[in-house]
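The values are calculated or read from the model by the stated rules, or taken from the named source; none is laboratory data. All values reported here derive from a predicted model rather than from experimental measurement. A quick note on method: Cβ atoms are made from the backbone with ideal geometry, for glycine too, and the neighbour counts reach across all protein chains shown. Note: areas computed on protein heavy atoms with side chains; ligands, DNA, RNA excluded. Shrake-Rupley method; radii C 1.70, N 1.55, O 1.52, S 1.80 Å.
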Amino acid sequence: MYRILVINPGSSSTKIAVFEDERKVCENRIYHDLGKLKNFKRVMDQEPLRRNAIERFLENNNYRIEDFDAIAARGGILEPVPGGTYVVDDHMLDYLLNHSPVDHVSNLAAVIGYRLGRPHGIPCFVVDPVSVDEMCDEARFSGIPEIERKSYSHALNIKAVARKVAEEMGRSLEEVNMVVAHLGSGISVSALKNGRMIDVNNANDEGPFSVERTGELPVGDVVKTAYSGTYSAEDLKREFTRSGGLISYLGTGDLKKAMNMMESSEKARLIVEAMAYQIAKEIGGMCAVLGKKPDAIVITGGMAQERRFVDMIVDYVRRFGKVKVIPGDMEMEALALGVLRVLRGEEKARYFQRVMR
């Protein structure tokens, strides 16, 4: 039996779980004081606070770090890497601390896990990080040589639900072709060909609008807005990734509330239907690049819990293939199972190598 500690930080909380083989023994979400978090200049500066909170949780539940065979941490924004389970070492740590292009909360997990485990000889791993890049060559072109499309997505959950659906079919991940749409605060829609994510929209600035992100925007109007003198670059980026989508149109980032608003507001109905329309359009595009009918179209993520909204999407895409809905996410399970496969020798761990430029 292998015991695995799973760490998954969010913007204002840290999820932690203990697995014994495939079985989740316990799970908790540690909420952090927003006032304290705002005092940190960089997200990475929060590391001691979050690590101490995890240590207290373990102590309160009668666990020691030495009780674990491994630590599974959410993967941060590394340089592009193939999917898989990666050893967290000094090389990865240095990149996350000093070279990651985005000061993102996901970068914290590996640093916390490494610093918890190393003094006790407990290995730490990340699984299918945000920067998983398996895109085909054609998918990389943006339209101008100076800008290349980047693969930043909800790869962890996308791969996990694709693996789950493949297993239900009695097949391996490498034997299936799917389109997976992760619908959360950001939206990632990916085409998986023989298990590889050959195309995916960058969840921050491409694809459909979501509850808080604008998705893809008309470039001419973006330029006009950027040079209007109204916004700083930082303010504009925040507007696009934290204050766009449903929030900008309806004043709420809660899909359930927006769905309820539809009952009395034609405007709300049209906006929610427009979001479903855009998601369906992205799914259709990913079906096209597979070159064949997908074995399944999978809809997952937090928004997939709102069945009325999912039905709007399914009405558009059902003709492209069988639709499977997996509400919520499998991130904690995916982290534990990725590490478990390595511990059992079913999968070989990878090592992150920075490409020097």
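Can you pull the accessible area of Phe309 for me, 1.4 Å probe, Å² to the nearest 10? The accessible area of Phe309 comes to roughly 0 Å². Taking Cα atoms only, the orientation of helix 266-290 departs from the longest principal axis of the chain by about 70 degrees.
Summarise the accessible area of the chain (1.4 Å probe, protein heavy atoms) by the percent that is carbon and sulfur. In the chain, the share of accessible area belonging to carbon and sulfur is 48 percent. Placing Val25, Val43, Val165 in order of accessible area, with the largest value first and a 1.4 Å probe, yields Val25, Val43, Val165. A cut-off under 10 angstrom between Cβ atoms defines the neighbours of Met330, and their net charge, with Lys, Arg +1 and Asp, Glu -1, is 0. Expressed to the nearest 5 percent, the antiparallel share of DSSP beta bridges inside the chain is 60 percent.
Among the protein heavy atoms, those of Glu27 account for about 80 Å² of accessible surface (1.4 Å probe, every chain in place). Under the classification rounded if a/c is under 1.5, otherwise prolate if a/b is larger than b/c and oblate if not, where does segment 61-112 fall, given a ≥ b ≥ c as square roots of the Cα gyration tensor eigenvalues? Since a/c reaches 1.5 and a/b is larger than b/c, the shape of segment 61-112 is classed as prolate. Taking the helices alone, the chain has a mean residue ellipticity at 222 nm of -11500 deg cm²/dmol, built from -39,500 (n - 2.57) per DSSP H run of at least 4 residues and averaged over all its residues.
Pick out, from Ala276, Met303, Gly345, the residue whose Cα sits farthest towards the positive end of the charge dipole of segment 255-357, with +1 on the Cβ of Lys and Arg and -1 on the Cβ of Asp and Glu. Of Ala276, Met303, Gly345, it is Gly345.
The protection proxy used here, the mean number of other Cβ atoms lying within 10 Å of each residue, ranks peptides 223-235, 256-268 as follows, highest first: 256-268, 223-235.
Each residue was assigned an accessible area with a 1.4 Å probe, and for Phe240 the value is about 50 Å². With every protein chain kept in place and ligands, DNA and RNA left out, what is the accessible area per residue of the chain? Probe 1.4 Å, answer in Å². Averaged over the residues of the chain, the accessible area is 48 Å². The phi torsions of segment 202-209, fed into the Karplus equation with coefficients 6.51, -1.76 and 1.60 and a -60° offset, translate into couplings of 5, 5, 8, 9, 9, x, x, 6 Hz, rounded to whole numbers, with Gly and Pro shown as x.
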